[in-house]
Structure formats: structure tokens, C-alpha cells
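*Asks:* My structure is below; once you've seen it, I'll send some questions.
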Amino acid sequence: MSAAANTVMPHALPAPARPGMRIEEVDTPALLLDLDAFERNLRRLHTTLQGRTVRVRPHAKSHKCPQIALRQIALGAVGVCCQKVSEARALVQGGVRDVLIANEVVGAAKLQRLAELGREAQVGVCVDDAANVRELAAAVKAAGSNLDVYVELDVGARRCGVEPGKPALVLAQAVADAGLRFAGIHAYQGAAQHLRTPAERTAAIGKAVEMVQATVGLLRKAGLDPEIITGAGTGTYLLEAGSGVYNEIQPGSYVFMDADYGRNLGDDGLPVHEFEQSLFILATVMSRPIRERAVVDVGLKAHSVDSGMPAVFGLDGARYARASDEHGVIELAGPADVRLGQKIRLVPGHCDPTVNLYDWLVCYRGERVEELWPVSARGAFY
């Protein structure tokens, strides 16, 4: 038998749960989704936007799940964002008909797949380089497809994006000259999402809005009217929505939330709780060597630590102190106590990369599993 025949793919492994099962019976590590909190978050976003003429295009890199994207669209979203071509394909195959790749796509193989995807759905992509525009135009022509092309501005994140003003105008003209559809401006201030105080977030977005507004003025004067001005995230979306400049927003993490967003403060100096924590990692206590320490089966391979360690949910005096590959060390103080085999819930430090580690979202109400949703775009980073 060949080595390939012996290979076991991730989705061939058993799911950690089945509908009707009690949470205590779910195998671990598992990614849990509290459906009641999740659904309130979906509705809450649209409630906060009442009276504002702004489109909602949630970012699906947070969930990578067509079932969630379709629920967002059913509530009024125009489509979703994603970051990679393979991620977009997974969403389109799951029934999503409008996807913006809020990122640059470079390389012949990726451009070919992107252009071909444009035959199956309405697909947009960002550019910040004239040579990339020419390569994109060639791929679209070869595929016989259409794409919406957005000029990305660097509005303070110091990542991708052309400089605002004249450089953006020159690039938008290159898009039009190449026979591509210039759809608008992508201006996402990602660095502002986790600035802790309202004043810091307001100042950062205020600068971004000024840069976008000046650039849009230049474009319109040149006859290149950007139909869509898109950007924003969970931490700042109300600022962009109220700017009078942005007409589309891209919050993503609001469906789940995480420990890092939990550190953002409101006007009262307390943590912002506009959206509820709906995403958890279920862990099992696998060792209880001393009174002050417990060890769970959720280590580095089961959660992202780029935004710090996860928080222990609903257990006073318990702190997730450190992680190794397969172990998480919980320090216990005060009233906190756990038993061997006990299931506890952790709040991920950063929801997006944590979700990408799991095949399934175990969706529950109360203490019973209701559904399992596949994380269809897991590992779709090419």
C-alpha cells in the first residue's frame, strides 16, 4: 500500500461531538459556539447601525465558515470579505455569491485561480502596485471573467496599501487603463482596532478619514468616482460608519469576540461589552498535581498566543499562566478549585487564528450541542 493511501486527512477524523450531546460529553480540545450569544451579536451589529446609510460586508477570516457567512447575509450583509483566494473559493463553494478579497493577490497561480473564481461569483480584490494591475488584467482576460478592483490605501496601519492622494489616483487610472473595473477604495486601519481608549481609536480613525476624503476628492475631480469606500473592523466600525466618507464596513470578530477585544475600554474606562463572548475552547483538566496548579489539554497547538494567553471563563481565581505544545498550565488561587477530568471553558486571546486550528464549530444552546458547522476554509491561506 502506498504512503498516500495510508494518509489520514483531518476531516476523516471523528468530530468531537454530535447533536444532542451534553457539553460535558464533548471531546476536547473543542471549539464551542454559544448560539444564543452568537445570534444576539449578529442582530446587535445591525441595531447599532440603524439610521446610517452604510453597507455591511463582514470579514469572514474570523470564522472561515459558510454557515456563518450565509446567516450574516440573511440579516442584510451584501457579501463577505476574506483574505486569500483559497478562502474565497471555500466560501463560494459554500453558497456565498459576493466576496471581496481584502488583500493583494500576487503570483501567476493565484491570479489564475482568482480570475477563474470571477466566473462563479462576484469577486473583488485589492491592488497597491501597477505591475500587479497589469498581471491581474492579463489573468482576467485569459479567464474571460470580471473582477471588482479596489485601490488599497495605507491609512496608518503601515502594512499594504499605496500612499493616499496622487499615488492612489495614478494607480486607479492604471486600473481603468488596463480595462479592469475600478470599484472603489479599500482603507482599513487595522492598527486602530485594539487601541485601548476611545480617544485613541477616535484619533486614529479621524486621521484615516481625512486621508480617504482627500483621496476621494482627487479621484472624483479626475473622473474616477469610487463607488465603494470600504474598511473598518469590530473595534472602530461605528467611527467609519458615522464618518460620512465610508459607505461599507467590514467588522469580523464581532460574531465571536476574544480576550484581546475584551481589553478595549469604553468612555467610562471599563471594558467595552457591546458584543458578547460567544466563542470558547473547551478543555479537560488532565492533571492536578498540587492544589495551586491544574493542567488542561489545550496547549499551543490548540489556540493562538499572538494576543496573549486565553482567559479562563467563569472560574474565579483561575489564570491560564503558560502553555507548551499540548499542555496549558492553570494557576489556581482563592476560591478556584477544579477536579481531574473537569471540563472548563477558555476565551481565546485572538479568535481568528484560533478558529483556523479547528475542523468544527460545536454549536450549542444551554448545555446541549445543537449543530456542528465545518470550518470549511481552515488552512486556506494560499
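*Asks:* On a C-alpha basis, how far is the centre of region 41-94 from the centre of region 338-382 in Å? Whole number, if you could?
*Replies:* When both Cα centres are located, 19 Å separates them.
*Asks:* Grab the DSSP H runs of the chain that are 4 residues or longer, score each as -39,500 (n - 2.57), total them, divide by all residues and round the 222 nm result to the nearest 500 deg cm²/dmol. If you can, show how the numbers build up before the last one.
*Replies:* On the way: 10 runs with 106 residues, N = 382.
Taking each H run of at least 4 residues, the total per residue is -8500 deg cm²/dmol.
*Asks:* I would also like to ask the following. Amide H neighbours of Ile330 under 5 Å, counting only residues 5+ apart in sequence or on other chains, H built in-plane at 1.01 Å?
*Replies:* Hits under the 5 Å cutoff: Ala294, Val295, Val296, Ala321.
*Asks:* Two-decimal Rg/Rh of the chain from alpha-carbon positions, Kirkwood Rh?
*Replies:* On the way: Rg = 22.2 Å, Rh = 22.1 Å.
Looking at the chain, the ratio lands at 1.00.
*Asks:* Here's a follow-up. Run a plain Debye calculation on region 258-382 (Cα atoms as equal point scatterers, no solvent) and give log10 I(q)/I(0) at q = 0.09, 0.10, 0.16 Å⁻¹, rounded to two decimals, same order as the q list.
*Replies:* Computed log10 I(q)/I(0) values: -0.28, -0.34, -0.86.
*Asks:* Now for a different question. Quick check on the exposure proxy: order Thr234, Thr28 from fewest to most C-beta atoms within 10 angstrom.
*Replies:* On the way: Thr234 28, Thr28 19.
With the sparsest Cβ surroundings first, the list reads Thr28, Thr234.
*Asks:* Taking a spot 7 Å from the Cα of Ala336 along the direction of its beta carbon, which residues of region 285-302 have an amide N less than 15 Å from it?
*Replies:* 285-298
*Asks:* I need Cys81, Cys160, Cys65, Cys363 ordered by Cβ neighbour count within 10 Å, fewest first. Spell out each step's value before the answer.
*Replies:* On the way: Cys81 28, Cys160 18, Cys65 24, Cys363 21.
Ordered from fewest to most neighbouring Cβ atoms within 10 Å, Cys81, Cys160, Cys65, Cys363 come out as Cys160, Cys363, Cys65, Cys81.
*Asks:* Compute the angle between helix 108-117 and the longest alpha-carbon principal axis of the chain, please, reported from 0 to 90 degrees and rounded to the nearest 10.
*Replies:* 90
*Asks:* Taking the dipole about the Cα centre of the chain, with the C-beta of Lys and Arg at +1 and of Asp and Glu at -1, give me whichever of Leu136, Gly266, Ala222 is farthest to the positive side.
*Replies:* Leu136
*Asks:* How far is helix 166-177 tilted, in degrees, relative to the longest principal axis of the Cα atoms in the chain, given as a value from 0 to 90 rounded to the nearest 10?
*Replies:* So the inclination is approximately 80 degrees.
*Asks:* Another question about this same structure. Cut-off under 19 Å on the C-alpha distance; same-chain residues fewer than 8 positions from Lys207 excluded. Which lysines are left, in chain and number order?
*Replies:* Lys166
*Asks:* Applying 1/(1 + (r/R0)^6) with R0 = 45 Å to the Cβ-Cβ distance of Arg134 and Glu371, what FRET efficiency is obtained, to the nearest 0.05? Kindly include the intermediate steps, with their values, before the conclusion.
*Replies:* Working: r = 46 Å, r/R0 = 1.02.
That gives a FRET efficiency of 0.45.
*Asks:* By counting other Cβ atoms within 10 Å of each Cβ, how are Trp373, Trp360 ranked from fewest to most? The partial results should precede the final answer.
*Replies:* Working: Trp373 16, Trp360 20.
Arranged by neighbour count, lowest to highest, Trp373, Trp360 become Trp373, Trp360.
*Asks:* Further, regarding this structure: With the convex hull built on the Cα atoms of region 59-251, state its orientation-averaged projected area in nm². Let's see the in-between values first.
*Replies:* On the way: hull surface 40.3 nm².
Across all orientations, region 59-251 yields a mean hull projection of 10.1 nm².
*Asks:* Dividing the Cα convex hull volume of region 27-158 by residue count, how many Å³ per residue is that? Walk me through the intermediate numbers first.
*Replies:* On the way: hull volume 20.0 nm³, N = 132.
Per-residue hull volume (Cα only) is 151 Å³.
*Asks:* Okay, next question. For helix 198-221, what angle does its Cα long axis make with the longest principal axis of the chain, in degrees from 0 to 90 and rounded to 10?
*Replies:* 30
FYI, it's all coordinate maths here, none of it is from the lab. Quantities reported herein were computed from a predicted structural model and do not represent experimental measurements. In this analysis, Cβ positions are derived from the backbone assuming ideal geometry, glycine residues included, and neighbour counts consider all displayed protein chains.
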